[in-house]
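Participant: First, the structure itself, so that you have it in front of you.
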Amino acid sequence: MHVADRSNLFDRLMEEAQSLAPADTREQIVTAIFQTSAALCRETVTNAPKAAKDHTLQIDRIVTSRRWGFVIMLAMLAAVLYMTIAGANVLSESLAHLFGWVEQYLTLLFQAVHAPHWLYGLLVLGLYRGTAWVVSVMLPPMAIFFPVFALLENYGYLPRVAFNLDRLFKKAGAHGKQALTMAMGFGCNAAAVISTRIIESPRERTLAILTNSFVPCNGRWPTLILLSSLFMAAGYTGSWNTLVTAAVVVAMVLFGIIVTLTVSWVLSKTALRGIPTHYTLELPPYRRPKIAETVIRATLDKTWYVLKRAVTVAAPAGVITWVLGNVPIGDTTALSAFAGWLDPFAKTIGLDGYILMAFLLGLPANEIVLPVLLMGYLSAGALTEIDSLHSLKHIFLAHGWTWLTALNMMLFSLLHYPCGTTLVNIYKETKSTKWTFVAFALPTAIAVAVTFTTARLARWLGLV
Amino acid sequence: MINATYTIALMGNPNTGKSTLFNVLTGLRQHTGNWPGKTVTHAEGEFVYRGIAYRIVDLPGTYSLYSNSADEEVARDFLLFERPNITIVVVDATALERNLNLVLQVLEMTDRVIVAINLIDEAKKKGIRINTKKLATKLGVPVVPMSARNKEGIDELLKTVDAFVHGQLHPTPIAVPYSVEIEQSIAKLLPLVKEIVGDDYPARWVALRLLDGDTSLLSALNQQPPRLTKEEAPYACCGSVKSV
């Protein structure tokens, strides 16, 4: 009885306290403490004028300020993407030329030894052409994007990004550290899911896991960059073209972040209710990275890794899709039969059967979505020699693509279910079939809803 | 085993050399385990200085005492319920401003505090100079510069501990001035806090935590049996903790 009395008294005390407390009590408390500490330090600590920490502090005053933080972040992202797109255009053209030139000699070789037609089709038109397309389309943007991103990372800019985003995540009812795990997701969602271990509260950790795949990973950057440069800036030329392309990709990333925050907010008000916990984020001093080493590391570790994954999966996929594309079922082929079966649904969300098939076959890894799509199109008869990126666009146009198809594919790529590896990691981390299923179903539902709406809206407005 | 007369709590942000200091002070006389019911490592040891035996508890490294995590709850509960005779807050001289945030929070809970400014050698290398005398005056508690790694400043720290337990020091800890809004709310809430929670706990601090909506503090207070007498030994649970 005595204990019960105490409980009641404590409840009364808490009620009283809450009625007295201003809405932003925590902010006011923390501000007062921080100001007192700062005042104490001003009076007792003297820094040598050339202290390295000062330099960091001055930069941080600007790049983490409320006014400039976001502007600088967006400008940085846009600059990195601009460099990537401008450089990749040139490189992709040259690579495509090179591969086209080699193919002529391969063709001559096959003719010289009187190889059977099916062998030529399988090896040159299937395997070689598919792989060549993948390399010339994916290698250049990766070879520029990853090293530049790694340089930014090693300078110590990423923790500042997390710092800036912290406010937003807290407002969304999530943990500020989710900004960090989201930043990891720009590299690889599978790794980022494991990195959510830094979030202690299970509620906030689940939020971070469920929303991680809404930011584009290594496997999806090339798709976004390529489609944006082929279709989104078609009306512009020269550096304007590059600028618009970069702007569209930045918009995609922003949209992904907005979806992340919105989904976090909705979940934190419904299935995962609770108040965000506070934490301290240490901003490491800026360091000039070893530039050559960073570039080489990024190229070897990331670019080479992603390309290898794409090619090793794409090469056999090229053969398989070529075979499927040439195996007759009735008066059509196995491939077009499958794509045709998916087509009605795919059309309602502004895609087509081949694109949806590519996403389905691309479940093991996002890197192979674009390759599988190309193989599918190439094997379906629209055989295009590789000579320039224009011919790549012709492949798409020949299959009825418009800017809307490209936009919807970008949106679907951004929002759809996480790759197989990520799902396995989610299961390992949550030990729950339910949350793993949610992690699959929730993004898929959002992807379908968003692309459906976009397609409807564009048609309704008569834009297509 | 020594029957320790006084208990010292070691606090500080992570990576301030807290455990280095703990090892220097206790040598091999340590016990480690877990805090009861928590997955937080518990380490304590003993040492003797000028004929007095001390029990020293290495609390988990924390940035605040806002009960954000199990670590912070363990540290808070220890200060609140075990009431160590002295709390040494270890701070990183190269990042004093951030570390002082914790010091200020500890000073709201207890005045029996020594601030140990560790890594003073590294700070010197970076060109950071700290006026420790002035800082001690401002904070209202003793401040000892040291380098636990090089065993510098240990003796001064121990002398300060000795002076503390002999009642030769009279701390007058700084009170963080909060906004008018918060101060008014504290003033209104204080009588009720004193009435319900009692005088055994730092009332201003409790009021502040309640305003912040710290429910974990209330449940901790609720689980604690009400203190009957003020004379009760503050380290009464010493034996039970050790046996874990």
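Participant: Go through (1) part of a helix (DSSP H, G or I); (2) among the charged types (D, E, K, R); (3) surrounded by fewer than 19 Cβ atoms within 10 Å (Cβ to Cβ) and name the single condition B:Arg129 misses.
Facilitator: (1)
Participant: Which numbered condition in (1) surrounded by 15 or more Cβ atoms within 10 Å (Cβ to Cβ); (2) in a helix (DSSP H, G or I); (3) more than 7 Å from every other protein chain (Cβ to nearest Cβ) is the only one that B:Leu189 fails?
Facilitator: B:Leu189 satisfies every listed condition except (3).
Participant: Then there is this: Within the stretch B:180-190, can one find any residue that is modelled with pLDDT under 85 and acidic (Asp, Glu)?
Facilitator: Checked the stretch B:180-190: no residue is modelled with pLDDT under 85 and acidic (Asp, Glu).
Participant: With B:Val115, B:Val89, B:Val106 as the choices, which residue is more than 10 Å from chain A (Cβ to nearest Cβ), within 13 Å of the chain's Cα centre (by Cα) and in a helix (DSSP H, G or I)? Don't jump to the end; show me each part of the working.
Facilitator: Numbers: B:Val115 fails: in a helix (DSSP H, G or I); B:Val89 fails: in a helix (DSSP H, G or I).
After ruling out the rest, the residue left standing is B:Val106.
Participant: If I filter the stretch A:59-79 for residues that are touching a Gly at 6+ places or on another chain (Cβ under 7 Å), at the interface with another protein chain (Cβ under 7 Å from one of its Cβ atoms) and at pLDDT below 85, do I get at least one hit?
Facilitator: First pass over the stretch A:59-79, keeping only residues touching a Gly at 6+ places or on another chain (Cβ under 7 Å): A:63.
Okay, now just the ones that are also at the interface with another protein chain (Cβ under 7 Å from one of its Cβ atoms), so none.
Within the stretch A:59-79 (the criterion being touching a Gly at 6+ places or on another chain (Cβ under 7 Å), at the interface with another protein chain (Cβ under 7 Å from one of its Cβ atoms) and at pLDDT below 85), the answer is no, since none of the residues qualifies.
Participant: In the stretch B:161-186, which residues are under 19 Å from B:Asp212 (Cβ atoms) and part of a helix (DSSP H, G or I)?
Facilitator: Answer for the stretch B:161-186, where residues must be under 19 Å from B:Asp212 (Cβ atoms) and part of a helix (DSSP H, G or I): B:Val180, B:Glu181, B:Ile182, B:Glu183, B:Gln184, B:Ser185, B:Ile186.
Participant: Output the residues belonging to the stretch B:43-76 that are hydroxyl-bearing (Ser, Thr, Tyr), assigned to a loop (DSSP other than H, G, I, E, B) and touching a helix residue (DSSP H, G or I) at 6+ places or on another chain (Cβ under 9 Å).
Facilitator: B:Thr62, B:Tyr63, B:Ser64, B:Tyr66, B:Ser67
Participant: Scan the helices (runs of 4 or more DSSP H) fully inside the stretch A:337-453 and keep the ones with 3 or more residues being more than 25 Å from A:Ala132 (Cα to Cα).
Facilitator: A:403-415, A:420-430
Participant: Output the helices (runs of 4 or more DSSP H) that fall wholly within the stretch A:131-245 and possess 2 or more residues being touching a residue at least 40 places away in the same chain (Cβ under 8 Å) and of a type in the set (Val, Ile, Thr), or say none.
Facilitator: A:189-195, A:202-211, A:221-227
Participant: Would you point out which residue out of B:Lys124, B:Lys188 is of a type in the set (D, E, K, R) and not assigned by TED's automatic domain parsing to the domain that holds B:Val90?
Facilitator: B:Lys188
Participant: Test B:Arg112 against the stated conditions and say whether it is out of contact with any Gly (no Cβ under 8 Å at 6 or more places or on another chain), free of Cβ contacts under 8 Å to residues at least 60 places away in the same chain and within 20 Å of B:Ala163 (Cα to Cα).
Facilitator: Yes, satisfied.
Participant: Mind listing whichever residues of the stretch B:194-220 are more than 19 Å from A:Gln28 (Cβ to Cβ), facing chain A (nearest Cβ under 7 Å) and surrounded by 20 or more Cβ atoms within 10 Å (Cβ to Cβ)?
Facilitator: B:Leu218 - this is the single residue of the stretch B:194-220 that is more than 19 Å from A:Gln28 (Cβ to Cβ), facing chain A (nearest Cβ under 7 Å) and surrounded by 20 or more Cβ atoms within 10 Å (Cβ to Cβ).
The values are calculated or read from the model by the stated rules, or taken from the named source; none is laboratory data. These figures come from a predicted structure and were not determined experimentally. Methodologically, a virtual Cβ is constructed for each residue, glycine included, from the backbone with ideal geometry; neighbour enumeration extends over all protein chains shown.
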